[in-house]
Amino acid sequence: MGVLSTASLFAATVTTGLTAGLFAAFAYAVMPGLARTDDRTLVLAMRRINESILNGWFAVCFGGALLFTLLAAALHLGAERRAVLPWIVAGLLLYLVVLGVTAVVNVPLNNVLARAGDDDTDLAALRARFEVTWVRGNVVRAVASTGAFGLLAWALVAEGRLVG
C-alpha cells in the first residue's frame, strides 16, 4: 500500500505540474503573443489550438491530475499516512477551481469560436467577446494549478520524511 500511495501522489504531482505549465505558458507567452496579432490571426490560431489540444496527452495530464489526486487522497486516509492528507486535499481543492473555471469560462468561449463561421463573422466582435474573459480565466487556472502543484510537491516531500 505504501508504494501505491507514494506512486499515486507522484503521478498526481507530475500531471498537475504539466497542466500548470500548460496554463502558465498560455498566460505568459501564447496569449500575449496572440494579443499582438490581428483579429483573424487570433481567432484562427485559437481555433486550431483548441482542436489540437484535445488529444491523449492532454487527457492524461488534465484528467489524470484529478484522478491521481483523488486516488492519492484516498490512499492517504490511513493513520500512518494521514499527516500529508491536508496538503493533498488542499491541492485537490485548487485543482477543482481549475476544472470549474475551465468548464464555466474557457470551454464555453472556445465553443463560441468554434461555432462562428469564417465568412459571416465580425472577427473584431468575436475577438472582443472571447479574448479578455478567456485570458482572465486562464490566469486563474494558471495560478490555481501552480498552487495545486506546489501543495502536491510539498506533500511528496513530507511523505518522504515520514517514510525515510
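ARG127 - would you say it is more than 19 Å from VAL14 (Cβ to Cβ), among the basic types (Lys, Arg) and crowded, with 17+ Cβ neighbours inside 10 Å?
yes
So, VAL112, is that one without any contact (Cβ under 8 Å) to a residue 60 or more places away in the chain, at negative phi, β-branched (Val, Ile, Thr) and open to solvent by 60 Å² or more (accessible area, probe 1.4 Å) or not?
On the way: without any contact (Cβ under 8 Å) to a residue 60 or more places away in the chain: yes; at negative phi: yes; β-branched (Val, Ile, Thr): yes; open to solvent by 60 Å² or more (accessible area, probe 1.4 Å): no.
Spelling it out, it is not the case that VAL112 is without any contact (Cβ under 8 Å) to a residue 60 or more places away in the chain, at negative phi, β-branched (Val, Ile, Thr) and open to solvent by 60 Å² or more (accessible area, probe 1.4 Å).
Cβ-Cβ under 8 Å, sequence separation 6+ or interchain: first residue in segment 66-86 and under 15 Å from VAL157 (Cα atoms), partner open to solvent by 80 Å² or more (accessible area, probe 1.4 Å) and at pLDDT below 95. Which pairs?
Close Cβ pairs satisfying both conditions: HIS76/ARG82; ARG81/LEU162; ALA83/LEU162; VAL84/LEU162; LEU85/LEU77.
As an exercise: evaluate LEU77 against (1) touching a helix residue (DSSP H, G or I) at 6+ places or on another chain (Cβ under 8 Å); (2) loosely packed, with under 13 Cβ neighbours inside 10 Å; (3) closer than 18 Å to VAL112 by Cβ and give the number of the one condition it does not meet.
The single condition LEU77 does not satisfy is (3).
What about LEU151, is it touching a residue at least 60 places away in the same chain (Cβ under 8 Å) and either out of contact with any Ser or Thr (no Cβ under 8 Å at 6 or more places or on another chain) or part of a helix (DSSP H, G or I) (or both)?
Numbers: touching a residue at least 60 places away in the same chain (Cβ under 8 Å): yes; either out of contact with any Ser or Thr (no Cβ under 8 Å at 6 or more places or on another chain) or part of a helix (DSSP H, G or I) (or both): yes.
Answer is yes for this residue.
Mind checking which residues of segment 41-82 are hydroxyl-bearing (Ser, Thr, Tyr) and within 18 Å of GLY160 (Cα to Cα)?
Of everything in segment 41-82, just one residue is hydroxyl-bearing (Ser, Thr, Tyr) and within 18 Å of GLY160 (Cα to Cα), namely THR69.
One line per residue, one yes/no per condition, for (1) at negative phi; (2) touching a strand residue (DSSP E or B) at 6+ places or on another chain (Cβ under 7 Å); (3) open to solvent by 40 Å² or more (accessible area, probe 1.4 Å); (4) of a type in the set (Val, Ile, Thr):
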| site | (1), (2), (3), (4) |
| --- | --- |
| THR6 | yes, no, yes, yes |
| LEU34 | yes, no, no, no |
| ARG40 | yes, no, yes, no |
| LEU67 | yes, no, yes, no |
| PRO86 | yes, no, yes, no |
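Is it the case that VAL101 is surrounded by 13 or more Cβ atoms within 10 Å (Cβ to Cβ) and over 20 Å from PHE23 (Cβ atoms)?
Taking the combined requirement at face value, the residue does not satisfy it.
Please name all residue pairs, on different chains or six or more residues apart, with Cβ atoms under 9 Å, provided the first residue is in segment 39-54 and is of a type in the set (Val, Ile, Thr) and the second residue is loosely packed, with under 13 Cβ neighbours inside 10 Å.
As it stands, the answer is VAL43/ASP118, since those pairs meet every condition given.
Tell me, please, whether a residue that is closer than 30 Å to ASP38 by Cα, small (Gly, Ala, Ser) and modelled with pLDDT of 95 or more can be found in segment 147-164.
So far as segment 147-164 goes, no, none of its residues is closer than 30 Å to ASP38 by Cα, small (Gly, Ala, Ser) and modelled with pLDDT of 95 or more.
The values are calculated or read from the model by the stated rules, or taken from the named source; none is laboratory data. Values in this document were obtained by computation on a predicted structure and should not be read as measured data. Positions of Cβ are backbone-derived with ideal geometry, glycine not excepted, and every protein chain shown enters the neighbour counts. Quick note on the areas: whole protein, heavy atoms, side chains included, nothing else; ligands and nucleic acids left out. Shrake-Rupley method; radii C 1.70, N 1.55, O 1.52, S 1.80 Å.
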